[in-house]
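Enquirer: Structure in structure tokens, see below.
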Amino acid sequence: MSASLDDLFVYFKIPWVDGVVPIKMWSFHNVDHRTNNTSEAYNLRFATRLSRKHPNIWSFIQLIQSEHARFEHILIQLDTLYNRFHKGTII
């Protein structure tokens, strides 16, 4: 085996195999989300709504507050739907 290939294996083994992330965490078998697409989609939504690269603190706080209100509204809707479904009112 060439020296550069040995170096590659050493590089891979030290941080990954013997590193802080256990091998069992590498497997995504039976996991619903195998990618971080949902996180990336939210990051894009957040950045788009912020509409500038370096916002002032007040516009940032306002965005955080509006996102909080949005998620509270979504949770209320989901809770209502869940309760209706489990009480048998949805046909």
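Enquirer: With +1 on each Lys and Arg Cβ and -1 on each Asp and Glu Cβ, and nothing else charged, work out how big the dipole of the chain is about its Cα centre, in Debye to the nearest 20.
Expert: It comes to approximately 460 debye.
Enquirer: Mean residue ellipticity at 222 nm from the helices of the chain, using -39,500 (n - 2.57) per DSSP H segment of n ≥ 4 over the full residue count, to the nearest 500 deg cm²/dmol? Show your work: numbers first, answer last.
Expert: On the way: 3 runs with 55 residues, N = 91.
It comes out at -20500 deg cm²/dmol, rounded to the nearest 500.
Enquirer: Another question, then. May I ask for the angle, rounded to the nearest 10°, between helix 3-12 and the longest principal axis of the chain, with both axes built from Cα atoms and the value confined to 0 to 90°?
Expert: 30
Enquirer: Also, quick follow-up: Among LYS13, LYS24, what is the fewest-to-most ranking by other Cβ atoms within 10 Å?
Expert: Working: LYS13 11, LYS24 6.
With the sparsest Cβ surroundings first, the list reads LYS24, LYS13.
Enquirer: Continuing with the same structure: So for ARG34, ARG49, fewest C-beta neighbours within 10 Å to most, what's the order? Mind showing how you got there, number by number?
Expert: Numbers: ARG34 8, ARG49 11.
Least crowded to most crowded, the residues run ARG34, ARG49.
Here, each number is a calculation from the coordinates, and none is a lab measurement. What you see is a predicted model, and the numbers here were worked out from it, not measured in a lab. Reconstructed Cβ throughout: ideal geometry from the backbone, glycine too, with neighbour counts over all protein chains shown.
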